[in-house]
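Data first, discussion second: the structure below is written as structure tokens.
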Amino acid sequence: MCRRIAEGTRWSKCGHFQRHMVAAIMDCDSPKCERSLKHHKGCRDATCIKNFGPDIQRDVDTVNDDCFQCRAAAARTVPT
């Protein structure tokens, strides 16, 4: 299955990745993957893979904090 090479920010405290852009596509070279250049045009096989696999995450910068979603979730938590 083909995969996207994504560049983005790594939030070091929570470990989450925030994608900024897709820099490239890694072709899996499979004729059974609709995203591959090896997939035959006009193929009607319903078993062919239609989606990309998990992104390959390339960190372009690192922030020593929690991501926005983790900070918002922590703010919603009310101590009892």
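The values are calculated or read from the model by the stated rules, or taken from the named source; none is laboratory data. All values reported here derive from a predicted model rather than from experimental measurement. Because the Cβ atoms are built from the backbone with ideal geometry, glycine has one as well, and the counts that use them run over all protein chains shown. All accessible areas refer to the heavy atoms of the entire protein, side chains included, with ligands and DNA or RNA removed. Shrake-Rupley method; radii C 1.70, N 1.55, O 1.52, S 1.80 Å.
Hey, could you check region 3-54 for residues that are among the hydrophobic types (A, V, I, L, M, F, W, C) and part of a loop (DSSP other than H, G, I, E, B) and say which is surrounded by the fewest Cβ atoms within 10 Å (Cβ to Cβ)?
Restricting to residues being among the hydrophobic types (A, V, I, L, M, F, W, C) and part of a loop (DSSP other than H, G, I, E, B), the top hit is Ala46.
Residue check: is Gln57 in contact with a helix residue (DSSP H, G or I) (Cβ under 9 Å, 6 or more places away or on another chain) and assigned to a strand (DSSP E or B)?
The answer is no for Gln57.
Does Val60 fit the bill of being modelled with pLDDT under 95 and open to solvent by 70 Å² or more (accessible area, probe 1.4 Å)?
Judged against the criteria, Val60 is not a match.
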